[in-house]
Amino acid sequence: MPVSPLTRAALRRAAAMGPALCGLALFATLLAPVAAVAQDRDDPIRTARDAFARKDKARLAALRAQVVDAKHPLAPWVDYWELTNRLPEVRSDEVEAFYLRWPGSYVEDRLRNDWLLELGHRRDFELFSRDLPRFKMNDDREVSCYAQLIDHLAGKDVRDSARRAWMVQREPDEGCQLLAQTLVDAKLFSQEDVLRKLRHATEHNRVKLARQTAALLGEPTAKAVADIFDNPARYLAVKANAIGHLRTELAALALARVAANDVDTASRLLDERWGEVLGAEHGAWARAQVAKQAAIGLKPDALAHTRNAWKTLPKKLEDQPDWSDETLGWLARAALRQGDGAERWRWAQRAIDAMSATERNDPTWQYWRARAQQALAKSGEAGDADRAEARQTLATLANQLHFYGMLAAEDLGTPQPLPSRSAPLSETERHATRALPGLQRALAAIGMGLRSEGVREWNFSLIGMSDRELLAAAQLACDREIWDRCINTSERTKAEVDIEQRFPQPMRADVLAKAKDIGLDPAYVYGLIRQESRFIMDARSHVGASGLMQIMPATAKWTAKKIGLDFKPGMITDRDTNLRLGTAYLKLVLDDLDGSQPLAAAAYNAGPGRPRRWREGPVLEPAIWAENIPLNETRDYVKKVLANATIYSSLMNGKPASLKARLGAPIGPRTISAPPVDSELP
């Protein structure tokens, strides 16, 4: 069988390690994601995964026997698929035998997770309690709910811990609903607990979760919530008067649903009737939902709605309203976007101070609260304490390698320097990492095209690693050009940082050449690719974007025509073609948006039409504009691309780079003198 160039390179690397390590290195290397993996060894694994997807029990059983007998390195996965496929009917001794076959592996713990859920479903709480302490990942919300239920049945006081576990649930499931129903029946969860969760589920448009939660309050309430999600305006007009003591709560939910689609109508309904009917607390919550939706829509009256919500609150709740952190975040953003002078900072600070402690400690809100403190501090000695506290917050942030850490450093006077590089890895450290079976299986899976399974194996193997072990694991991935594992593993370190691992520069000559040819900043290109694909050549997003620079097929076709490239759809994942098309499109977008890197990054992620709309309104500091991007994904994307680009610039130029310079001029409506919009730009 022909050997690919990548495999030959891997063999040379292994041979260079010397005879003592060559055998082990060859094993790990040959399991890496290279083109030449023996077809006869691949087929049983891929065939087994297909059989698992089809729920073909007979085929899975035969393949399991084949790969286990052959001692295939991925036999644990086929064994897992086979057992999982019939989990509702298996016995505990079969599960224990599986644990013994694959001790310490990812699939052992993955099966334990699945088995715990099955035991909860069977109400076999004795076996559940016996197996739970061995669950290493311990990251399943439904398992946590079952565990809380078992503790309650054993007589333990779980009211607070169970409420926390239940309140953060995002999707409906059997275990958390059973926990909630049991504690409601025992009068340990109050009606107000249930209503609070119902408000949060409604606010986040989690329809199934809202209906499941409403069922805890009885069939009439569940039916009312179904009507609210189906047609909230009709519910308010026809059915809202028939609910009795839950009338105000359900009417507030209906108004929130109206606001999600039509802010003006919801505001009018509150002004004309429902504001008075709901009372201060429910009325304020409903007005906060109106303000939130106005802020998300970047409406010019969002801050006015925010003021109305605060003013409606009863005095006892004016500092700590029962509003979600997400709502408060949007009220803060509305203040930053639309406030003038001290008003901007006063309303932003009020919203931030009302957040939960966890949310307030997020770098985003630490930064903006510090800015508010500085702006609102009294002159002279009376404001010294506030200024000192704000400066200390910024100093703490300035040591953190992210968007707001960089802004904080520059607010204090200098661009953020790169962290000192950690000591080089010793051969002993590298050898110990190459010997880990979990990482070897991960490399094998990724090499065979089973990226999802390989990533899970890899991440599980990192649990409990020290910084030095993480750096060694990251380097193993870097050496094999598995850049997403290289980056994500290196980012887990705390005290020791290898900045070049976290921000690698694959294809450096090609990226520099393409960027130079069309007048793009190569650091900006690298910052975008790192966020788009983590340098995975065959990456494909859930919406169909492909390749290194995650280009949509229609965009690739349009860009190819624009630059005169003879293009066929299959070329989109070719590295050089994808890089050429992606950089060309990025340059076209950048030129269309006045050279603004924040606007262009937003356009690359969300399409050029959205940032064109988002720039309308007040002229804003670029960081405030970025924080007000309505789409969560795009807001996070823009901040990360620009932070990435700043770090790449520092690495390329050997000195700290300025994020603020990259953010550029204030962002506002397109000027009259600007060239016309490129209306063809996809």
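The values are calculated or read from the model by the stated rules, or taken from the named source; none is laboratory data. Being a predicted model, the structure only gives us computed values, none of them experimental. Every residue, glycine as well, gets a Cβ built from its backbone with ideal geometry; the counts of neighbours run over all protein chains shown. For accessibility, only protein heavy atoms count, side chains too; no ligands or nucleic acids. Shrake-Rupley method; radii C 1.70, N 1.55, O 1.52, S 1.80 Å.
Couple of notes before you dig in:
- Any hit, segment 546-554, residues being of a type in the set (Gly, Ala, Ser) and within 27 Å of Ala657 (Cα to Cα): no
- Index of the failed condition, Pro321 passing every other in (1) under 28 Å from the mean Cα position of the chain (by Cα); (2) part of a helix (DSSP H, G or I): (2)
- Members of segment 217-242 found to be in contact (Cβ under 8 Å) with a residue 24 or more places away in the chain, more than 19 Å from Leu270 (Cβ to Cβ) and open to solvent by 40 Å² or more (accessible area, probe 1.4 Å), listed by number: Leu217
- Selection within segment 598-619: residues that are charged (D, E, K, R) and in contact with a Ser or Thr (Cβ under 9 Å, 6 or more places away or on another chain). The member of this set that is least open to solvent (accessible area, probe 1.4 Å) is Arg615.
- Any hit, segment 384-405, residues being in a helix (DSSP H, G or I), hydroxyl-bearing (Ser, Thr, Tyr), open to solvent by 20 Å² or more (accessible area, probe 1.4 Å) and under 27 Å from Pro321 (Cα atoms): yes
- Number of the condition not met by Ser144 [criteria: (1) under 28 Å from Val194 (Cβ atoms); (2) over 26 Å from the mean Cα position of the chain (by Cα); (3) surrounded by 17 or more Cβ atoms within 10 Å (Cβ to Cβ); (4) not hydrophobic (A, V, I, L, M, F, W, C)]: (2)
- Count of segment 488-501 residues which are touching a residue at least 24 places away in the same chain (Cβ under 8 Å) and open to solvent by less than 30 Å² (accessible area, probe 1.4 Å): 6
- In the set (1) under 26 Å from the mean Cα position of the chain (by Cα); (2) surrounded by fewer than 17 Cβ atoms within 10 Å (Cβ to Cβ), the condition left unmet by Lys640 is number (2).
- Meets criteria (touching a Gly at 6+ places or on another chain (Cβ under 9 Å), open to solvent by 40 Å² or more (accessible area, probe 1.4 Å) and within 30 Å of Ala665 (Cα to Cα)) for Gly519: no
- Note on segment 552-649: enclosed helices (runs of 4 or more DSSP H) holding 3 or more residues that are within 17 Å of Arg534 (Cα to Cα) are 575-592, 597-606.
- Looking only at residues of segment 344-374 that are hydroxyl-bearing (Ser, Thr, Tyr) and in contact with a Gly (Cβ under 9 Å, 6 or more places away or on another chain), we find that the one that is most open to solvent (accessible area, probe 1.4 Å) is Thr364.
- Among the candidates Gly519, Gly582, residue that is more than 26 Å from Glu429 (Cβ to Cβ) and over 25 Å from the mean Cα position of the chain (by Cα): Gly519
- Of all residues in segment 174-186, those satisfying the criterion of being under 28 Å from the mean Cα position of the chain (by Cα) and open to solvent by 30 Å² or more (accessible area, probe 1.4 Å) are Glu174, Gln177.
- Qualifying positions in segment 316-336 - among the polar types (S, T, N, Q) and open to solvent by 20 Å² or more (accessible area, probe 1.4 Å): Gln320
- Total residues in segment 152-167, condition open to solvent by less than 30 Å² (accessible area, probe 1.4 Å) and not in a loop (DSSP other than H, G, I, E, B): 3
- Selection status of Arg170, in a helix (DSSP H, G or I) and either open to solvent by 30 Å² or more (accessible area, probe 1.4 Å) or not hydrophobic (A, V, I, L, M, F, W, C) (or both): no
- For Ala266: the one exception among (1) open to solvent by less than 10 Å² (accessible area, probe 1.4 Å); (2) over 21 Å from Leu198 (Cα atoms); (3) not hydroxyl-bearing (Ser, Thr, Tyr): (2)
- Within segment 460-476, residues that are under 17 Å from Glu427 (Cβ atoms) sit with their Cβ atoms under 8 Å from residues that are among the hydrophobic types (A, V, I, L, M, F, W, C) and open to solvent by 30 Å² or more (accessible area, probe 1.4 Å), at 6+ positions apart or across chains, in these pairs: Arg468/Leu425; Glu469/Ala432; Leu471/Leu425; Ala472/Leu425; Ala472/Ala432; Ala473/Leu436; Ala473/Met465; Gln475/Leu425.
- Cβ-Cβ under 7 Å pairs, at least 6 apart or on other chains, segment 656-682 side over 14 Å from Ala601 (Cα atoms), far side open to solvent by 40 Å² or more (accessible area, probe 1.4 Å) and among the acidic types (Asp, Glu): Pro666/Glu621; Pro669/Glu616; Ala674/Asp594
- For the condition buried (at least 22 other Cβ atoms within 10 Å of the Cβ) and under 22 Å from Asp517 (Cβ atoms), Gly595 does not qualify.
- Single condition Phe189 does not satisfy, out of (1) open to solvent by 50 Å² or more (accessible area, probe 1.4 Å); (2) outside any helix (DSSP H, G or I): (1)
- Within segment 542-588, the residues that satisfy the criterion of being polar (S, T, N, Q), in contact with a strand residue (DSSP E or B) (Cβ under 7 Å, 6 or more places away or on another chain) and either open to solvent by 50 Å² or more (accessible area, probe 1.4 Å) or under 20 Å from Leu512 (Cα atoms) (or both) are Thr573, Asn578.
- Met537 crowded, with 22+ Cβ neighbours inside 10 Å, among the aliphatic types (A, V, I, L, M) and under 25 Å from Arg502 (Cβ atoms): no
- Residue within segment 309-318 that is part of a loop (DSSP other than H, G, I, E, B), closer than 25 Å to Ile624 by Cα, out of contact with any Cys (no Cβ under 6 Å at 6 or more places or on another chain) and of a type outside the set (Asp, Glu) present: no
- Some residue of segment 463-482 being more than 20 Å from Glu532 (Cα to Cα), of a type in the set (Gly, Ala, Ser) and open to solvent by 20 Å² or more (accessible area, probe 1.4 Å): yes
- Top-ranked residue of segment 203-216 - restricted to ones that are within 21 Å of the chain's Cα centre (by Cα) and closer than 18 Å to Trp323 by Cβ, ranked as least open to solvent (accessible area, probe 1.4 Å): Glu203
- Residue within segment 287-295 that is in a helix (DSSP H, G or I), in contact with a helix residue (DSSP H, G or I) (Cβ under 9 Å, 6 or more places away or on another chain), open to solvent by less than 10 Å² (accessible area, probe 1.4 Å) and of a type outside the set (A, V, I, L, M) present: yes
- Per this entry, Glu481 is counted among residues that are at pLDDT 95 or above, more than 19 Å from Asp109 (Cβ to Cβ), outside any helix (DSSP H, G or I) and not small (Gly, Ala, Ser).
- Qualifying position, being without any contact (Cβ under 8 Å) to a residue 60 or more places away in the chain and under 15 Å from Tyr524 (Cβ atoms), among Val619, Val638: Val638
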